[in-house]
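One structure below.
Derivation of every value follows stated rules applied to the coordinates shown; laboratory data play no part. As the structure is a computational prediction, the values presented were derived from the model and not from experiment. When we count neighbours, we look across all protein chains shown, and the Cβ atoms used for this are built from the backbone with ideal geometry, even at glycine.
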Ligand code: SF4
């Protein structure tokens with residue numbers, strides 16, 4: 001399998017895993033600078049999954065109750081889905097049905113439903129072409145309830161960056177990153193989630209640069225990148241204290257007279273209020289909230305103010321909080337303070353998750369289109385599209401909880417596993433009367449939340465099995481062209497083909513010809529016409545030229561804000577969510593053996609955990625419970641419990657704990673950042689007590 005999957009990643013297709021970006025026309029194992037070889041285990045695992053044999057029919061026809069006994073890992077390893085499956089509301093399980101019957105049923109359910117009682121959701125696995133057709137189809141049908149999984153991860157980034165520098169994505173590309181002399185890595189564990197990014201960190205250290213890691217957990221893959229080279233500074237603030245820390249660094253930079261006064265005067269606004277906020281900030285408060293000493297914070301400031309080209313990279317340790325957007329603004333403020341945005345080799349770099357999640361937002365898989373895009377589509381197709389903003393992901397599930405959502409289409413992903421508060425997620429997903437899933441493999445989202453509702457599962461081809469080219473966008477705003485390749489299974493279809501079929505059946509008189517969109521080239525032409533920044537898609541089939549989305553990179557201090565200036569934003573830094581009843585703050589984390597909600601391995605080779613049913617804690621906290629590492633605990637939050645978790649000694653601040661996502665979603669409520677609606681997956685107050693129970697490696701919360 002390993003040899004075959006390694007050969008497979010050499011094809012001219014975008015890597016199927018993370019958004020760092022490998023492959024495309026430069027060939028697999030090649031990055032955006034043409035550097036070769038670039039490969040990681042995540043990529044091989046994703047390819048290996050697609051090379052699996054089809055799941056036998058008798059497995060698929062088991063009662064749902066049996067399938068629900070399987071863990072996410074076991075479901076992933078059942079094999080590829082090569083069968084169209086249907087479950088009626090009353091049935092206890094799925095049964096195979098023909099494609100024609102499935103497509104007719106899907107169209108009839110949408111036809112019979114008011115558009116505002118439906119929603120369309122995508123993961124970042126799908127192509128720009130499928131995403132564009134999906135969002136246009138939804139809007140022509142009559143709803144803006146169109147969203148993607150980034151509403152659960154990096155929407156806080158989009159909101160925070162828009163408020164400060166007027167963009168929602170990275171301001172630097174890979175080439176600029178390789179010229180920086182200091183990289184901050186904040187609230188991210190790229191060793192597990194973006195493995196080749198660690199090579200870039202090592203390269204920075206090798207050329208004499210500094211790498212500052214800010215992470216409550218001491219992650220071995222960041223302590224040591226490779227060959228004894230690791231982070232130059234590694235600080236572990238308490239979970240959720242980022243704004244205190246960034247304000248502290250800013251205060252020290254101001255004290256050291258190391259601000260870029262010319263940049264601030266010429267290219268920013270709001271600095272007066274920002275400065276006043278820093279002046280009112282007391283060091284003892286920074287120390288109490290972060291758990292760091294004043295000396296540690298000043299030391300980071302000293303490194304920062306010596307560097308000339310600084311890139312700030314961050315992950316969901318920043319966004320998964322009640323104040324995620326404000327956390328991102330705090331990073332942007334710090335960058336502006338020294339003019340580290342709007343010049344070459346410096347800037348802001350959100351570490352995006354799935355390989356095309358950024359592309360999904362770019363081509364309109366979101367609840368509101370930009371005015372110019374909306375008006376272009378209306379003029380081009382002589383249609384009126386819905387104007388009111390649609391619902392994002394969490395809002396769609398809240399609507400389902402209220403009985404206001406009847407039909408949903410999921411293009412990839414695992415909405416159940418991705419949603420906080422698993423018990424609630426299971427219940428509200430089951431309230432959606434009809435769900436249709438387009439997928440390559442089975443996951444928990446296909447078997448949980450299905451007990452009383454009707455569902456269709458449609459097997460689709462993988463990216464490298466597409467019969468026509470598709471495109472994807474990396475976290476550096478780079479658009480790649482994937483060639484596709486031979487189909488490995490005999491009963492899978494292209495996502496575009498399925499969506500076009502739905503469009504024709506649902507909207508037979510539409511001025512948009514979904515039949516013509518079966519030709520991917522025509523979709524790319526439509527995208528190029530609607531989105532000027534993607535104009536180069538128009539002839540990419542001839543030129544094969546991959547490109548950076550126009551207008552995204554900020555190498556000059558010109559910001560797409562109303563004033564054209566970057567904006568310092570002042571927010572009140574938050575307090576810890578811990579309470580007397582729930583005195584620990586728990587963050588959910590991904591392991592080395594998983595990618596997003598997909599579990600490939602039970603063990604985490606970096607953290608040396610053997611089971612995912614564990615909680616990672618400071619040794620002193622374990623001992624304070626009267627236990628030794630390995631002892632069992634029950635963890636409870638206001639919304640749920642996990643019983644019999646194995647304690648694993650880990651270097652985190654006292655009072656903080658980590659548990660694996662998605663299992664820990666049992667504990668995490670639906671509280672979210674009010675500005676971005678990003679749930680607070682990484683700041684849940686919990687109690688942790690010794691357990692009398694045996695470990696319960698359950699995929700869903702025990703009843
Ligand atoms: S780092 Fe990301 S893009 Fe690169 S090979 Fe690994 S999974 Fe693929």
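Measuring between their Cα centroids, region 52-124 and region 538-560 lie 39 Å from each other.
Starting with the highest mean, order 161-167, 370-376, 397-403 by the number of other Cβ atoms within 10 Å, averaged over the residues of each peptide. Show your work: numbers first, answer last.
Numbers: 161-167: 21.4, 370-376: 13.4, 397-403: 17.7.
With the highest mean Cβ count within 10 Å placed first, the list reads 161-167, 397-403, 370-376.
Peptides 566-577, 123-134 ranked from most to least packed give 123-134, 566-577, packing being the mean of other C-beta atoms within 10 angstrom over each peptide's residues. What shape does region 266-345 have by the C-alpha gyration tensor, where a ≥ b ≥ c are the square roots of the eigenvalues, rounded means a/c under 1.5, and otherwise prolate means a/b greater than b/c and oblate the rest? Rounded, since a/c falls under 1.5. If both residues of a DSSP beta bridge must be in the chain, then about 40% of such bridges are antiparallel.
How far, in nm, would the chain grow between residue 401 and residue 487 when pulled straight, counting 0.36 nm per residue and subtracting the alpha carbon separation? Spell out each step's value before the answer.
Details: separation 86, 0.36 × 86 = 30.96 nm, distance 3.92 nm.
27.0 nm is the gain from fully extending residue 401 to residue 487.
Evaluated over the Cα positions of region 299-417, the convex hull gives a direction-averaged projected area, one quarter of its surface, of 11.3 nm². With contacts taken as Cα pairs under 8 Å and at least 6 residues apart, region 389-452 reaches a relative contact order of 38 percent.
Grab the beta carbon distance between residue 601 and residue 207, set R0 = 45 Å, and tell me the FRET efficiency rounded to 0.05. E between residue 601 and residue 207, to the nearest 0.05, is 0.85.
At a threshold of 8 angstrom on Cα-Cα distance, excluding pairs fewer than six apart, so keeping six or more, what relative contact order does region 214-368 reach in percent? Reported as a whole number, the value is 26 percent. In terms of its Cα atoms, region 376-486 spans 40, 38, 28 Å along the principal axes, sorted from long to short.
If you take the square roots of the eigenvalues of the alpha-carbon gyration tensor of the chain and sort them as a ≥ b ≥ c, do you get rounded (a/c under 1.5), prolate (a/b over b/c) or oblate? Oblate shape, in that a/c is at least 1.5 and b/c is the bigger or equal ratio.
Remark: the residue 529-residue 254 segment gains 94.3 nm on full extension, using 0.36 nm per residue and subtracting the alpha carbon distance. Note on residue 97 and residue 10: their simple-model spin labels are 4.4 nm apart, each label 7 Å out from Cα toward Cβ.
Between residue 227 and residue 509, the FRET efficiency estimated from the beta carbon spacing at R0 = 60 angstrom works out to 0.40.
Kindly state, to the nearest 0.05, the FRET efficiency for residue 693 paired with residue 104, given R0 = 51 Å and r defined as their beta-carbon distance. Calculated value: 0.55.
Approximating the spin labels as points 7 Å out from Cα along Cα→Cβ, the residue 382-to-residue 90 distance works out to 4.8 nm.
The label-point distance for residue 265 and residue 66, in a model that sets each label 7 Å from Cα toward Cβ, rounds to 7.7 nm. Over the chain, dividing the summed -39,500 (n - 2.57) contributions of all DSSP H runs of at least 4 residues by the number of residues returns a 222 nm mean residue ellipticity of -9000 deg cm²/dmol. Using the average count of surrounding beta-carbon atoms within 10 Å as a protection proxy, the listed peptides 313-324, 190-201, 547-558 rank, highest first, as 313-324, 190-201, 547-558.
Inter-part distance, region 585-603 to region 319-385, computed on C-alpha centroids, equals 26 Å. Overall, the anisotropy analysis places region 155-350 in the rounded class: the square-rooted eigenvalues a ≥ b ≥ c of its C-alpha gyration tensor yield a/c less than 1.5.
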